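A short worksheet on the structure shown next.
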Amino acid sequence: MNNNNVAGNNLVGNNLAGNNLAGNVIVNEEDDEIDLLELFEVLWNKAVLIIFVAIAFGAIALGGTFLLLTPKYQSSAMMFVNNSSFDMGSTKINLSDLNASKSLAETYSVILKSRTTLQMIIDKMGLDYNYKTLNSMISTTTVNETEVFRVTVTSTDPEEAAAIANCIVDVLPNRINSIMEGSNVKIVDTAVVDNRVVSPNYKKNTVIGAFIGFVLTAGIVILLHMFDTTIHSEDILFKEYSDIPLLTIVPIVGINEEN
């Protein structure tokens, strides 16, 4: 009989403990919600400061981009490559011929970026670059997976970029013919001077700078609030000591605002 009573008491105790645990979970969830609202209010009160710092960081990023980074320009020329074993006016062109021409474009790109070809371009134009530097300035890609491939030159001088691209389309066909028999390279479009800046991206850097300023300022404001132990209002006392009844409020009399 006593054992049954003990078991019943334990069961009741476990139920009470479970209810208390559930209550604690609910209270903690409510506290978290209140904390989030409080943090939002803190950020809202400092919104002017946060926006000002974000704008300042954006302006610094924009100024640094203008002053520290050298603008770069690009110019492109296009060439058509195909195997001279078939005629473009013939109806005997098949898929394998087209695939062969596409692979030729990749082969021509390798020939273009070889040391010998690059040195020929440097000697013809009298450039001050070595072949490694010139190699880093040149990129090639096929146009929509066709037999046409584009040669793009990036330089700090837009006129130089166009001149190098045009020199490439002048030198490359003879260079390819000396290596590969039956090759056929034709110029589709020569390069022209393009004064549009391709790098750096001023808008992107400005947005990144403003975002960094916003995040840093918001983080500092939140940290200062979390570690601030100063009692700023009576509402804080009511929140922290909600289980203690309020007896009276003592007003401050005879002290000016400065003190």
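A compact table of results
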read-out	value
Residue 149 vs. criteria part of a strand (DSSP E or B) and crowded, with 17+ Cβ neighbours inside 10 Å	yes
Pair list, Cβ < 7 Å and 6+ apart or interchain, from region 145-161 residues that are closer than 11 Å to residue 72 by Cα to residues that are part of a loop (DSSP other than H, G, I, E, B) and among the acidic types (Asp, Glu)	158/194
Residue match in region 240-250 (condition: without any contact (Cβ under 8 Å) to a residue 40 or more places away in the chain, assigned to a helix (DSSP H, G or I), out of contact with any helix residue (DSSP H, G or I) (no Cβ under 9 Å at 6 or more places or on another chain) and of a type in the set (D, E, K, R))	yes
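Table: residues versus (1) part of a strand (DSSP E or B); (2) of a type in the set (Asp, Glu).
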{"position": "106", "(1), (2)": "no, yes"}
{"position": "109", "(1), (2)": "no, no"}
{"position": "118", "(1), (2)": "no, no"}
{"position": "129", "(1), (2)": "no, no"}
{"position": "133", "(1), (2)": "no, no"}
{"position": "140", "(1), (2)": "yes, no"}
{"position": "159", "(1), (2)": "no, yes"}
{"position": "165", "(1), (2)": "no, no"}
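Computed from the coordinates by the stated procedures, all read-outs in this text should not be read as laboratory data. Note that the structure is predicted; figures quoted are calculated from it, not measured. Glycine gets a Cβ as well: all are built from the backbone with ideal geometry, and neighbour counts include every protein chain shown.
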